[in-house]
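Chemist: Got a structure for you, written out below as structure tokens; questions coming shortly.
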2 protein chains.
Amino acid sequence: MRRFACRRYFSNLNLKNINQKVVGAEYAVRGEIVIRAEKYKKRLAKGDTSLPFKEVVSCNIGNPQELNQKPISFFREVLALTSCPELIDTAPNAFSKDAVEKAKEYLSIIPGGSGAYSHSMGILGIREKVAKFIEDRDGYPANPENIFLTDGASSAVQMCLQLLIRGPQDGIMVPIPQYPLYSASIALHGGTQVNYYLQENQRWSTTVDDLHKSYEEATRQGTNIRGLVVINPGNPTGQCLEESNMREIVRFCSEKGIMLMGDEVYQTNIYSTTPFTSFKKVVCDLKEECKDMSLVSFHSVSKGFLGECGRRGGYMEVYGMDEEVQMQLYKLASVTLCSNIDGQIMTGLMVDPPKQVVH
Amino acid sequence: MRRFACRRYFSNLNLKNINQKVVGAEYAVRGEIVIRAEKYKKRLAKGDTSLPFKEVVSCNIGNPQELNQKPISFFREVLALTSCPELIDTAPNAFSKDAVEKAKEYLSIIPGGSGAYSHSMGILGIREKVAKFIEDRDGYPANPENIFLTDGASSAVQMCLQLLIRGPQDGIMVPIPQYPLYSASIALHGGTQVNYYLQENQRWSTTVDDLHKSYEEATRQGTNIRGLVVINPGNPTGQCLEESNMREIVRFCSEKGIMLMGDEVYQTNIYSTTPFTSFKKVVCDLKEECKDMSLVSFHSVSKGFLGECGRRGGYMEVYGMDEEVQMQLYKLASVTLCSNIDGQIMTGLMVDPPKQVVH
């Protein structure tokens, strides 16, 4: 194959005349360091021995299967069977019984199979599984009509920020250190990033005093705070917040009338003795006290015991959102039609995995 | 399962204080009519006999497998095998030889398998297949470094519009009738939609006079035209443009220094005697004459003989774009990490399907 494009024209577009919000956004996870790493990989692959190392290991982003974590066969078997339902008859012995049963269940709830567009919020039967998972986790009801299945958590976060941010006067509070999706997306949507700081010596928690300080400083400068991001368990810090700290954060958001965005994609990656508690639970615990509260929380199949990053599956639950506003979020989700069906199936499998039965 | 959310709070968000670009966007494909159709479906499912029909058939969007078009087994077999590579050994007779060979080829070019994030532009080996397909189709070279694998064409179109549109002064020319992705996305990104009209009695072509008229009227009103969308074959009109008409459009874009966006997702759905010609070919034909030209063209696995809408697979080829601008497009693609891997595999299979061998 010839590898070069037609002679390059003088383009009518340049760095100065495109959308400056795009130019201004920084996304370190796929930025300079990654580009340099790729160059090194190519040099090593060509037999270059001049570098002081023999291998490049990419740890810029949690990508376990790239680093040889084996996928769990049950999930993959269900995907194979829903892609190719005839295998249920032609190769029954190649699959576990459980996987065949589970695949049949999914085939019965997916109208049109995995090759059809679904409802823009995702397949109802899978949203029902997600709602059940949230109810069992938190002890509070969840409504499938408040759940959106998305292409990973990243696209869900982008939709929420697009909904909130009207212009540079609108601020979103983000923890520092953060996962750069937030800084990049706030910049892309033209908002203002307002930092609050996590304290390493207090197990990466924040204090309500710090939140007030950041809020007030931003407000003094004319910024209208619209939302607050909490990443729990922390990314990149790894801590689980104490419930008492979470209650303070929820009270703060309620008092200020701002939306809480709970990034909970690492909820099964726990490295400390503090257990994971969801913001949904804390918000429901405080429902009498915190009247004016909307929460969106995010989850993903890319993390936890699955690590199925390439599937681009996940969900967001919206809670306490004005119905008309939620219809706007639905419209946003609709413009790209729906999230990919295999990612939706993987999300269903994540929230409703095979369970050990004790006889 | 309890089906209701916790008592709804008074939300701090309402239709008036969210991003008005979102509120202003209209997306008919998933709008009022679809919502009403869903209500009818639910009533029919509950046994309601008061409606003057017994069935609702959804034709609001091309979704062939929802309407019982059978998926092509070869493609599904390859997906099953790449999801579950052990099936190559445990169930060799359940698959066609060709599918097993093809799956092995894909497994060799996908580092980390289908559960790992790929390069943000997509898997290089698949981008090479896309480049080869474009070269064979057009007779001009294509460069895998100019190809982005995307979650369907819709997300590719959104990225391009996000790159181009800086504010309401920036206009994008769209054909009328159009596919509502364009009007919705232009509104979401805060630009101005500038209509040009297709003439039914001239086989839904446009004339260069009409383009000039629309352009000049918009310019007089202070709009800075930045891009022009052509949907070819037409959606919803179904025509293929004559090459002479396409040359006029390319010359127009070159003369005005605006980006041409070629939506070519229906390139294998031909209903007329006029064959499909790609804009890439026409732009390359005119390369001496049209110096200042950038083109982005879109393709998708959702249409044509595949109809694999639920996969969310597709690609865009950028051509004649300033390298620094293309890096910004790469950054935009990076913020959601990568498109789903099964959609990438399906895109590879679409551009490099099994071929009939004549002995």
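Chemist: What does the extension gain come out to for B:Asn201 and B:Leu107, with contour length at 0.36 nm per residue minus their alpha carbon separation?
Modeler: So the extension gain works out to 28.8 nm.
Chemist: Please report the relative contact order for region A:122-339, taking Cα pairs under 8 Å with a sequence separation of at least 6, and give it as a percent rounded to a whole number.
Modeler: In percent, rounded to a whole number, it is 23.
Chemist: Calculate the mean, over all residues of peptide B:317-325, of how many other protein chain Cβ atoms lie within 10 angstrom of the residue's Cβ.
Modeler: 6
Chemist: Above 23 angstrom, tally the Cα pairs of region B:59-155 and express them as a % of all pairs, no decimals.
Modeler: Result: 43 percent of Cα pairs exceed 23 Å.
Chemist: How crowded by other chains is A:60-71, given as the mean number of beta carbons from other chains within 10 Å of each beta carbon?
Modeler: Per residue, the average neighbour count from other chains is 4.
Chemist: Counting other Cβ atoms within 10 Å of each Cβ, which GluC sites (Glu not before Pro) in region B:312-357 have at most 15 and sit in a DSSP loop?
Modeler: Sparse-neighbourhood loop GluC sites (Glu not before Pro): none present.
Chemist: Over region A:279-358, calculate the relative contact order: mean separation of alpha carbon pairs under 8 Å at least 6 apart, over the residue count, as a percent.
Modeler: Relative CO of region A:279-358 lands at 28 percent.
Chemist: Work out, in µm²/s and without decimals, the Stokes-Einstein translational diffusion coefficient of the protein assembly as shown at 37 °C, 0.692 mPa s, Rh from Kirkwood over C-alpha pairs.
Modeler: In µm²/s, the coefficient rounds to 124.
Chemist: Which shape class applies to region A:310-359: rounded if a/c is under 1.5, otherwise prolate when a/b exceeds b/c and oblate if not, where a ≥ b ≥ c are the square roots of the Cα gyration tensor eigenvalues?
Modeler: oblate
Chemist: Regarding region A:75-211, what are the three Cα extents along the principal axes, ordered largest first, in Å?
Modeler: Reported extents, whole Å, longest axis first: 61, 35, 28.
Chemist: Taking amide H atoms as placed 1.01 Å from N in the peptide plane, list the residues 5 or more away in sequence, or in a different chain, whose amide H sits under 5 Å from that of A:Gly314.
Modeler: A:Thr150, A:Gly152, A:Val301
Chemist: A:Asn269 versus B:Val23, label points 7 Å from Cα toward the beta carbon: distance in nm?
Modeler: The modelled label-to-label distance comes out at 3.9 nm.
Chemist: While we're here: Given R₀ = 30 Å, what would the calculated FRET efficiency be for B:Ser73 paired with B:Ala37, taking r from the Cβ atoms and rounding to 0.05?
Modeler: Once the sixth-power term is evaluated, E becomes 0.45.
Chemist: So, one more: As a test of the definition: which semi-axes, in Å, follow for chain B when you take the square root of five times each eigenvalue of its alpha carbon gyration tensor? Largest first, please.
Modeler: So the equivalent ellipsoid measures 33, 30, 22 Å along its semi-axes.
Chemist: Just for the protein assembly as shown, what percent of DSSP beta bridges are antiparallel, to the closest 5?
Modeler: 35
Chemist: Please report, for A:Ile35, the nm distances (one decimal) from its label point, 7 Å out from Cα along the beta-carbon direction, to the equivalent points in the remaining copies, shortest first.
Modeler: Those label-point separations list as 4.4 nm.
Chemist: Return the subset of A:Lys281/B:Lys39; A:Lys42/B:Lys132; A:Lys281/B:Lys331; B:Lys129/B:Lys281; B:Lys21/B:Lys256; B:Lys102/B:Lys132 for which the Cα-Cα distance in this structure is over 25 Å, preserving the input order.
Modeler: Over 25 Å Cα-Cα: A:Lys281/B:Lys39; A:Lys281/B:Lys331; B:Lys21/B:Lys256.
Chemist: For B:Asn14 paired with A:Thr219, estimate the spin-label separation in nm (one decimal), with each label point 7 Å from Cα along the Cα-to-Cβ line.
Modeler: Label-label distance for B:Asn14 and A:Thr219, simple model: 2.0 nm.
Chemist: Would you pull out the residues with amide H under 5 Å of B:Ile225's amide H, same chain only if 5 or more places away, H placed 1.01 Å from N?
Modeler: Excluding prolines and chain starts, which carry no amide H, the hits are B:Gly171.
Chemist: Taking H placed 1.01 Å from N in the peptide plane, check which residues at least 5 places from A:Asn195 or on another chain put their amide H under 5 Å from its amide H.
Modeler: A:Val174
Chemist: Please work out the FRET efficiency for the pair B:Ile176 and B:Asp98, using the Cβ-Cβ distance as r and a Förster radius of 51 Å; give the result to the nearest 0.05.
Modeler: Efficiency at R0 = 51 Å is approximately 0.70.
Chemist: What length, rounded to one decimal in nm, is gained on full extension from A:Asp210 through to A:Glu323, with 0.36 nm per residue of separation minus their alpha-carbon distance?
Modeler: Residue separation times 0.36 nm, minus the Cα-Cα distance, leaves 37.4 nm.
Chemist: Count charges around A:His212 for me, please; just the other residues with Cβ under 15 Å from its Cβ, Lys/Arg as +1, Asp/Glu as -1.
Modeler: Once positives and negatives cancel, what remains is -2.
Chemist: Please go through region B:19-117 and write out the chymotrypsin sites (Phe, Trp or Tyr not before Pro) that DSSP classes as loop and that have at most 11 other C-beta atoms within 10 Å.
Modeler: Here the chymotrypsin sites (Phe, Trp or Tyr not before Pro) that fit, given the DSSP loop and packing criteria, are B:Phe53.
Chemist: Over all directions, the average projected area of the alpha-carbon convex hull for region B:20-60 comes to how many nm²?
Modeler: The directionally averaged projection comes out at 3.5 nm².
Chemist: Right, another one. Tell me the mean residue ellipticity at 222 nm calculated for chain A from its helices only (DSSP H runs of n ≥ 4, each -39500 (n - 2.57), averaged over every residue, nearest 500).
Modeler: -11500 deg cm²/dmol
Chemist: Counting other C-beta atoms within 10 Å, and keeping those with at most 12, which DSSP coil GluC sites (Glu not before Pro) do you find in region A:242-292?
Modeler: Those satisfying the criteria are A:Glu288, A:Glu289.
Laboratory data are not the source of any read-out in this text; all were calculated from the coordinates shown. Remember, predicted model here, so these are calculated numbers, not experimental data. Every residue, glycine among them, receives a Cβ derived from its backbone with ideal geometry; neighbour counts consider all protein chains shown.
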